[in-house]
Amino acid sequence: MTASVSEIIIHLKKVLSRRGVNPQDSDDFIQEALIRLQIYQKSNEVRQVKGFLARTVVNLVINSYRKHKDVDVAPEPVENYTIVDNYPQPDEVYASKQRLQRLSRGFAALDPLTRQIVRAQRVEGLTVAAIAKRHGLSASAVEKRLAKGLAFLLDWMKEW
């Protein structure tokens, strides 16, 4: 009888080892499985003790994992950690939206040709020569409109 108990314990340790359980915890799981076997045998018959114990230790490991997987305990108080948040604060987002709305109103206040020229240069990235060709103007006229439009927008956004 002692030999079969020893064989069962060796078998259970191998089962737990294959599941990645460290040897220090294996004894605890085996002991718990043996206790559950004793309790179960009081009211039920167990035909395959080795199989019952193997299934029980595997279930105990699974339950232990489920119980502890959601609990990450920090080694120090959370206040000691620097939390990096790359997103802007809500007040910064609100201020940016307000500035963008103000800039949009400034664009709308420009005359249509100047607005198209500023947008072509600043948003589309076109050169002065390409803008001049697109609108049938001289490069000098485009530069003057750009300067006039950007000066207006800078003045428009001065308080923001």
| said: What are the pairs with Cβ atoms under 6 angstrom where one residue, in segment 28-48, is closer than 21 Å to S17 by Cα and the other, located anywhere, is loosely packed, with under 12 Cβ neighbours inside 10 Å? Sequence gap at least six, or different chains. | reply: none
| Of all residues making up segment 18-45, the number that are more than 14 Å from L60 (Cβ to Cβ) and either among the charged types (D, E, K, R) or at pLDDT 90 or above (or both) | 7
| query | Residues P112, P75, P90: which one is over 38 Å from the mean Cα position of the chain (by Cα), over 30 Å from V15 (Cα atoms) and open to solvent by 70 Å² or more (accessible area, probe 1.4 Å)? | reply | P112
| field | So F52, is it in a helix (DSSP H, G or I), open to solvent by less than 60 Å² (accessible area, probe 1.4 Å), over 30 Å from D27 (Cβ atoms) and not hydroxyl-bearing (S, T, Y) | value | no
| task | May I ask you to verify whether G125 is out of contact with any strand residue (DSSP E or B) (no Cβ under 7 Å at 6 or more places or on another chain), closer than 18 Å to R102 by Cα and among the small types (G, A, S)? | result | no
| task | Among residues belonging to segment 3-19 that are under 41 Å from the mean Cα position of the chain (by Cα) and of a type in the set (A, V, I, L, M, F, W, C), point out the one that is most open to solvent (accessible area, probe 1.4 Å). | result | V15
| query | In this structure, does L60 turn out to be out of contact with any strand residue (DSSP E or B) (no Cβ under 6 Å at 6 or more places or on another chain), outside any loop (DSSP other than H, G, I, E, B) and over 30 Å from V21 (Cβ atoms)? | reply | no
| field | Conditions (1) of a type outside the set (K, R); (2) open to solvent by 50 Å² or more (accessible area, probe 1.4 Å); (3) part of a loop (DSSP other than H, G, I, E, B); (4) in contact with a Phe, Trp or Tyr (Cβ under 8 Å, 6 or more places away or on another chain); number of the one not met by Y40 | value | (3)
| task | Could you check M157 against (1) surrounded by 11 or more Cβ atoms within 10 Å (Cβ to Cβ); (2) modelled with pLDDT of 95 or more; (3) not β-branched (V, I, T) and say which number it fails? | result | (2)
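The values are calculated or read from the model by the stated rules, or taken from the named source; none is laboratory data. All values derive from a computational prediction rather than experimental measurement. Cβ coordinates were reconstructed from backbone atoms using ideal geometry, including for glycine residues, and neighbour counts include every protein chain displayed. To get the accessible areas, we keep the full protein, side chains included, count just its heavy atoms, and leave off ligands, DNA and RNA. Shrake-Rupley method; radii C 1.70, N 1.55, O 1.52, S 1.80 Å.
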